[in-house]
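To keep things clear, I will list the structure first and then write my remarks on it.
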Amino acid sequence: MNHNTNIIINEIYNLLRQKTIKDIIDLETDNIYNKSAISVIVKKYINNNSLYNLDVLKDYNIVIKFIPVNPAYKSYEAMSFSNTSLYNVLFEEWESSDTLERAALRNQLNYNYLFLPIIKSKVTGVYNNYYDWKIGDLSYWCPDINELELIGKEWNEAKDIIKEGVKLERVKHGQNYRTRNNLPKQSETFFIHLRPHAKNSFDYDLPYREYTNGKVEITKQSFWLNKKFINLLLDKYKWKTNLREE
């Protein structure tokens, strides 16, 4: 990490630390009921109040990810990457000098991730008032060689399943049925898993369906970072107020 990156992240850290959504929201213009409302509100606040706006972050290959967490900094959700056809995975390699052949997930992990925890409480499935949601201590993750190697191992295991042909099974779910598959689940891995990332239950992965001659009709999927791995990252790479030099 270079000196300029340290300065940028430290500026944002000091700008947001100890802030609640109530502190930064503009009730006249901000729509809190939009699904992406919190990220929009916080990004706008950074743009309006920091010396380093979001365009500068892009210049330094930094991606902001908002992580909803409980007061103990445990993530409520896994973190998604962009969806891709399972068919594409068949022709990718985790380690390749050619970015077009390299796994899409591996290319996405070339970015540096600025995690902004949004601390909220949940009681009987309901979150506390958004006014009281707090912006936690941010973490900054630059995936290292060892992490990439371990993630790659799980990615290759998923690729093997995709190559053999994903197995689907209709199972009873309450009064209805749902389709279960044998792609890696969050409970079976440490770093990543595959799960649906589609508009609806009819948003199928058409290239993979064609590849399997219509045998596997599955909704669009994407890789997700597991919650337990996110929890580790939030703790291991938590930002400190002092300017770090490497």
**Report entry** Separation between Cα centres of the range 83-158 and the range 1-29, rounded to whole Å
**Finding:** 22
Query raised in the report: Lys/Arg Cβ at +1, Asp/Glu Cβ at -1, dipole of the range 46-203 taken about the Cα centre: which of 202, 161, 83 is farthest positive-ward?
Result: 202
Report summary line: Out of 226, 57, 109 - ranked by how far each Cα lies towards the positive end of the dipole of the chain, with unit charges on the beta-carbon of charged residues - the top one is 226
Query raised in the report: Only one of the listed values, (i) 15.5; (ii) 14.3; (iii) 12.7, was derived from the coordinates as mean projected area of the Cα convex hull in nm²; which label is it?
Result: (i)
Query raised in the report: In degrees between 0 and 90, to the nearest 10, how far off the longest principal axis of the chain does helix 37-49 point, with axes built from Cα atoms?
Result: 40
Query raised in the report: Given a 1.4 Å probe, how much area per residue of the chain is accessible, in Å²?
Result: 57
**Report entry** Ordering of 169-182, 196-209 by burial proxy (mean other Cβ atoms within 10 Å per residue, highest first)
**Finding:** 196-209, 169-182
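Pull out a ≥ b ≥ c, the square roots of the eigenvalues of the alpha-carbon gyration tensor of the range 115-218, then state rounded if a/c is under 1.5, prolate if not and a/b is larger than b/c, and oblate in the remaining case.
Numbers: a/c = 2.57, a/b = 1.36, b/c = 1.89.
Oblate.
Around residue 139, with a cut-off of 12 angstrom between Cβ atoms, what is the net charge of the other residues, counting Lys and Arg +1 and Asp and Glu -1? All intermediate terms of the calculation are to be shown ahead of the outcome.
Values: positive: 65, 236, 238, 240; negative: 137, 235.
Within the 12 Å Cβ shell, the charges total +2.
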Query raised in the report: Ignoring ligands, DNA and RNA, what percent of the accessible area of the range 118-164 is carbon or sulfur (1.4 Å)?
Result: 52
Report summary line: For the chain, longest principal axis from Cα atoms; helix 145-164 axis from its Cα atoms; angle between them, nearest 10 degrees, is 30
**Report entry** Total charge dipole magnitude, the chain, about the Cα centre, Cβ charges on Lys, Arg, Asp, Glu only, Debye to nearest 20
**Finding:** 1080
**Report entry** Rounded to 10°, Cα long-axis angle of helix 3-16 versus longest principal axis of the chain
**Finding:** 80
Report summary line: In the range 1-61 the accessible area split gives carbon plus sulfur, as whole percent at 1.4 Å, a share of 44
Query raised in the report: Taking the Cβ of residue 221 as the center, what net charge do the other residues with Cβ under 9 Å away carry, scoring Lys and Arg +1 and Asp and Glu -1?
Result: +1
Query - Förster radius 45 Å - calculated FRET efficiency between residue 81 and residue 177, Cβ distance, rounded to 0.05 - result: 0.95
Report summary line: Residues other than residue 164 with Cβ under 14 Å of its Cβ, Lys/Arg counted +1 and Asp/Glu -1, net out at +2
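Given a 1.4 angstrom probe, I'd like the percentage of the accessible area of the range 177-246 that is carbon and sulfur, rounded to a whole number. Could the numbers behind the result be given before it?
Working: 2070 of 4250 Å².
The nonpolar share, carbon plus sulfur, comes to 49 percent.
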Query raised in the report: Dipole size in debye (nearest 20) for the range 132-246 around its Cα centre, Lys and Arg Cβ +1, Asp and Glu Cβ -1?
Result: 580
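What FRET efficiency comes out for the pair residue 44/residue 4, r = Cβ-Cβ distance, R0 = 30 Å, nearest 0.05? Before the final figure, lay out each step's value.
On the way: r = 23 Å, r/R0 = 0.78.
Rounded to the nearest 0.05, the efficiency is 0.80.
The values are calculated or read from the model by the stated rules, or taken from the named source; none is laboratory data. The structure presented is a predicted model; accordingly, all values stated were derived computationally and were not measured. Counting neighbours? That spans all protein chains shown, and the Cβs are built from the backbone with ideal geometry, glycine included. For accessibility, only protein heavy atoms count, side chains too; no ligands or nucleic acids. Shrake-Rupley method; radii C 1.70, N 1.55, O 1.52, S 1.80 Å.
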